[in-house]
Amino acid sequence: MTRRVGPWLVLAVLLVPAVVLTVARLGDPPWVLVVQYAAFTPFAMLLYAAALVVLLLAAARMAAGRARWATWVGTVLVGAALALHVAWFAPQLVGAQADPPRGATPLRVMTANLLRGDGRVADVLDAAREDRTDVVVLPEATRATERALDRLDADATWPHRAGRAGRDIEGNLVLSRYPLRDERQLGTRLDSLSFTLAAPGGPVRMVAVHPIAPYEGARRWREDHRLILDAVRRTEPDVVLGDFNATMDHAPMRRLHDEGLRTATEVANEGWRPTWPVNGLFSLGPVPLPRSAEIDHVLVSDRVAVLGTERHDVAGSDHLALAADLRLG
């Protein structure tokens, strides 16, 4: 009995979470726990692959009969689910990117969530200066962040500033080497904004985003993403960046993809680049959750080439900073 039950118990442990991830990825479920769970969709490939091995081993040991036939049917279904997830993930590794045109304008950008202002601003500025970053977006910037920026003489490198600091998570500041025009708040619960960067090679339309996290409520999370989508359709930006509180497996991000925006990591064929959580600042009970979700993004239009991205640690924050080296044609 134990030998018979063992493989099926293992299969249940593997396939139940895998199927939930598949269903979440296929649709736009209204339940907040499933929305949160969907952030870990790439792990379904590991679950289905392990289940496929269990099924193949079980089928090989069975004598001919209905049970073996059913096992082979299950193997085909699990293999198809694995293939589906691989197809969803593959563009991050095998996408084609044209070389930037001659004379393309270089633009380096960075987004760094500061976790209620507790993130070490000096870490962000040191990395941004080393990367020669032109635009820095700081979700969850607070009054303390502004004081740290002044103390660290950020204006000497980035003399132009947009957005506003908040008391807790709602702030969002933009630092820039170049003048910022046409600043407009998007109306999200946190301070997402659109603006135009007066870069040397010509104006660059940008949106700096920070929708509310889904654990605050899936309905409010969707509404914030709808406002971001409206802004993208209205302004047709070249670059959208920030803490999206969503991965490209979430339906709102796929809608942005349908508008012609792709993640910088996908364009550069860099694969899965999770940015959250880090520094042991998010846990499941007593166990810190390892870095496992790609929720900070730089999205670019087809006018923008990507030479590569970098991630930087920020002490005191549960996010990595994400930087991208862009070329605008």
State which residue is farthest from residue 326 (Cα to Cα) when the search covers only the stretch 264-310 and only residues that are touching a helix residue (DSSP H, G or I) at 6+ places or on another chain (Cβ under 8 Å) and part of a loop (DSSP other than H, G, I, E, B). 292
Among the residues of the stretch 280-300 satisfying the criterion of being out of contact with any Asp or Glu (no Cβ under 8 Å at 6 or more places or on another chain) and of a type in the set (D, E, K, R), which is modelled with the lowest pLDDT? 291
Here's a check for you: in the stretch 25-46, which residue that is in contact with a Pro (Cβ under 6 Å, 6 or more places away or on another chain) and open to solvent by 40 Å² or more (accessible area, probe 1.4 Å) is nearest to residue 248 (Cα to Cα)? 36
Any chance you could count how many residues in the stretch 178-219 are surrounded by fewer than 23 Cβ atoms within 10 Å (Cβ to Cβ), in contact with a strand residue (DSSP E or B) (Cβ under 7 Å, 6 or more places away or on another chain) and charged (D, E, K, R)? 5
With criteria (1) closer than 19 Å to residue 239 by Cα; (2) open to solvent by less than 10 Å² (accessible area, probe 1.4 Å); (3) out of contact with any helix residue (DSSP H, G or I) (no Cβ under 7 Å at 6 or more places or on another chain), residue 119 comes up short on (1)
Complete set of residues in the stretch 225-251 that are among the acidic types (Asp, Glu) and assigned to a strand (DSSP E or B): 243
Return yes or no: is residue 303 modelled with pLDDT of 95 or more and among the basic types (Lys, Arg)? no
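The values are calculated or read from the model by the stated rules, or taken from the named source; none is laboratory data. Worth saying up front: this structure is predicted, and the values here are computed from it rather than measured. Ideal geometry is used to build each Cβ from the backbone, glycine not excepted, and the neighbour counts take in all protein chains shown. Quick note on the areas: whole protein, heavy atoms, side chains included, nothing else; ligands and nucleic acids left out. Shrake-Rupley method; radii C 1.70, N 1.55, O 1.52, S 1.80 Å.
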